[in-house]
Amino acid sequence: MARVSPDRIAVSTWSLHRLLGAIYPHDLTTTEIGAEQQAYGEGEESLLGLPSVLANHGYHRLEIVSFHLRSRDKVYLGELRDQLKISNVRLQTLLIDAGDISHPEHGARDTAWVASWIETANELGADNARIIAGKQKPTRDALDRSVKALTALADGNAGSSVRLVTENWFDLLAEPAHVHYLLDKLDGRVGLLGDFGNWGGATKYADLKSIFGRAELCHAKASFIDGDLDEADYGACVTLAEEAGYKGPYTLIFDSDVPSEWHGLSTESDFITSRDV
């Protein structure tokens, strides 16, 4: 038995909506950043200021959701990269949070849009860029369109240090068989980010365990009931991941109304790192 090292803990900007406040919604017809929306209130911190705040809370790995970037200007991206370096915070992943590369009509457009965001991940010096494999029903044609698009994106990113990954998310990858089919076809060109919270039902734990031996990253989303962590579910998820051979980081995902964001993240982190698995 061993414990998960604290240096395997990461935080996603998804978990800090209220702290950041503003988002910049995507329009897939353009690569321009969308108009600011204060979807979660005025916020208390900017994305540029987040690395130092994160480090002060003891976290040194960060995932940034693409709609939290207020600019893709090289100067701004350079400033963000510098702040990450100064704060000793590793940009683990840029989460490209839109697009349907499996779409029969708009797939080519969305693939080009995703490719432009992979360039942004490179500008930021991210370790990984997460791509949505697709949102279509998992027909063979849709899966193959996704494979073709992901292969093209990998080809376009050849020679980069940014690793492309996809996630067990949306209809296309809603069950293990389709995840395995996609990854097998890609033959290592694209990795897997496994998310605890994307699957449910009676077969949830068996399904997750089936794919976590292939996962390189993990979104460790927990459920909170009246502010209390659902320890049974969270414990089962962490245990199945470790038993499947998962060795990567756990990115804390928190989106409950209570407790506060920092308290919720601390609860998740303490639970993962303080138990034998």
**OP:** Determine the percent antiparallel among the DSSP beta bridges restricted to the chain, to the nearest 5.
**Re:** 10 percent
**OP:** Assuming R0 = 41 Å, can you tell me the calculated FRET efficiency for the pair ASP144 and THR203, based on Cβ-Cβ distance, to the nearest 0.05?
**Re:** 0.95
Original post:
In what sequence do SER87, SER15, SER46 fall when counting other Cβ within 10 Å, fewest first?
Top reply: SER46, SER87, SER15
**OP:** Return the long-range amide H neighbours of ALA129 (sequence gap of 5 or more, or a different chain), with a cut-off of under 5 Å between placed amide H atoms.
**Re:** LEU94, ARG163, LEU164, VAL165
Original post:
Please report, for the Cα atoms of the chain, the Rg to one decimal and the Dmax as a whole number; what are they, in angstrom?
Top reply: 18.0, 51
Original post:
Short version: ³J(HN,Hα) in whole Hz for each residue of segment 123-131, in order, from phi by Karplus 6.51 cos²θ - 1.76 cosθ + 1.60 (θ = phi - 60°), x for Gly and Pro, what are they?
Top reply: 4, 7, x, 5, 6, 9, 10, 8, 10
Original post:
Which Cα, out of GLY134, LEU19, HIS219, lies furthest along the positive dipole direction of segment 6-273 (beta carbon charges, K/R +1, D/E -1)?
Top reply: GLY134
**OP:** Please list the non-local residues whose amide H lies under 5 Å from the amide H of LYS221, H modeled 1.01 Å from N, same-chain partners needing a gap of 5 or more.
**Re:** PHE196, GLY197, ILE253
Original post:
Lysine pairs in segment 6-273 8 or more apart or on different chains: how many have alpha carbons under 23 angstrom apart?
Top reply: 17
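Throughout, read-outs are computed from the coordinates displayed, never taken from laboratory work. Remember, predicted model here, so these are calculated numbers, not experimental data. Cβ coordinates were reconstructed from backbone atoms using ideal geometry, including for glycine residues, and neighbour counts include every protein chain displayed.
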